[in-house]
Amino acid sequence: MNKKLFYKIIIISVITISSTFVSCQNTSKKITISEDTQNEISTEENEVNEAIKTGEKYLTKNNFNEAKEYFNKAISLDKSNKDIYLKIKDIYLSFNRFDDAYFIIKTALTNNIDIENMKLILKDISSKFESINMNLSIYQDTSYTLPNEVKAVISGESISIPVTWDNQVVDSSTVGTFIYEGFNEDYGRKVNMEITVMENVYDKQIGWVKDFYMDNGKLYIDLDLIEFYLGREEALREAIKDGKAGIDENGEYFLPAPVWIRNNSAAITKYQIDNNCMYSLCSATLKLDNYETSGTLVNSSYDNFLKSFNDTKNNNARILLVWVDIKNGSVYKISEQYLP
């Protein structure tokens, strides 16, 4: 019932009640509504019912926008009538239009209609929605914050919706699988994020630097991996295995330097470099004279490493040999290997 008719009924009621006190002859006056007012109320109810029926007809033809227009029209004719919201909600549910039913009850709440009951109905409709389930794997001790928005299918359309998480910051201190829950109030969607925290994987390799470059904003190093043996006994033993050790005048095996390098593959291995990678180069490479040995490792910068690589890139007699420390597939430390 709209406000205009409501006020008209109130005024008539007040006038009728007042006349009861004025008249001493009849103390049981009956409150009545004029025929014109009754006709207006009846006309309004007919308009509401007609709008709802028309909206339902459009639903049967899958004309959802038109149906929505007529349902909204019915509500606008009598916004305070909770039965209208409930009737439209039931119609939508009968067509399995759960999102539309949810929005109708949300509208009732916005209009302050039967709030506690509407909240219960809203919760019931929300329980019929499928949860949005996602999964992600991260390594232990990785910093990760759950997304502010997720993709959801609402009324057949894929859109991004905001999510309020019970706990948005992921605890990655313990290896295992954990479930984080979130919710979207506007669309009544529950969100589950399954996080698998994996144990960190470490590796260390050595190789000749073939390339050092940026690609799509990420830094990479290409290595020709080798087997490296340092120390006279170990190096000599491996050289003998390969049949490459020298023989002196006494018939004994020897090597001119206490190092042996084996390279049985021409394959080049590509590694991504972490943004916080640490670099160290030999004092000889940096042309520093204030160190006792040329092989002393000195902490370096990215710029110095890049310069040293460019200086040796086209010099086959001087190629950088480096160790790379790898964590979860990404290089976090690069150290030059001095060759005596």
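The values are calculated or read from the model by the stated rules, or taken from the named source; none is laboratory data. Computed from a prediction, not measured in an experiment: that's the story for all the values here. Counting neighbours? That spans all protein chains shown, and the Cβs are built from the backbone with ideal geometry, glycine included. Ligands, DNA and RNA are stripped out before the accessible areas are found, and what is left, the full protein with its side chains, is counted by its heavy atoms. Shrake-Rupley method; radii C 1.70, N 1.55, O 1.52, S 1.80 Å.
Structural remarks
- If the condition is being among the hydrophobic types (A, V, I, L, M, F, W, C), open to solvent by 60 Å² or more (accessible area, probe 1.4 Å) and under 15 Å from Tyr271 (Cβ atoms), then region 297-340 contributes only Trp323.
- Members of region 45-55 found to be more than 16 Å from Ser94 (Cα to Cα) and open to solvent by 90 Å² or more (accessible area, probe 1.4 Å), listed by number: Glu45, Asn46, Glu50
- Checking each residue in region 161-188 for being in a strand (DSSP E or B) and over 24 Å from Gln140 (Cα atoms) picks out Ile161, Pro162, Thr164, Phe183, Asn184.
- Leading residue by the ranking (nearest to Asn96 (Cα to Cα)) among those in region 149-163 that are loosely packed, with under 12 Cβ neighbours inside 10 Å and among the hydroxyl-bearing types (Ser, Thr, Tyr): Ser158
- Candidate set: region 227-244, residues that are crowded, with 17+ Cβ neighbours inside 10 Å and of a type in the set (A, V, I, L, M, F, W, C); chosen: the one nearest to Tyr332 (Cα to Cα): Phe228
- Residues of region 167-180 satisfying the condition of being under 15 Å from the mean Cα position of the chain (by Cα) and open to solvent by 80 Å² or more (accessible area, probe 1.4 Å): Asn167, Val169, Ile179
- Among (1) in a strand (DSSP E or B); (2) surrounded by fewer than 16 Cβ atoms within 10 Å (Cβ to Cβ); (3) touching a residue at least 12 places away in the same chain (Cβ under 8 Å), the one test that Val191 misses: (2)
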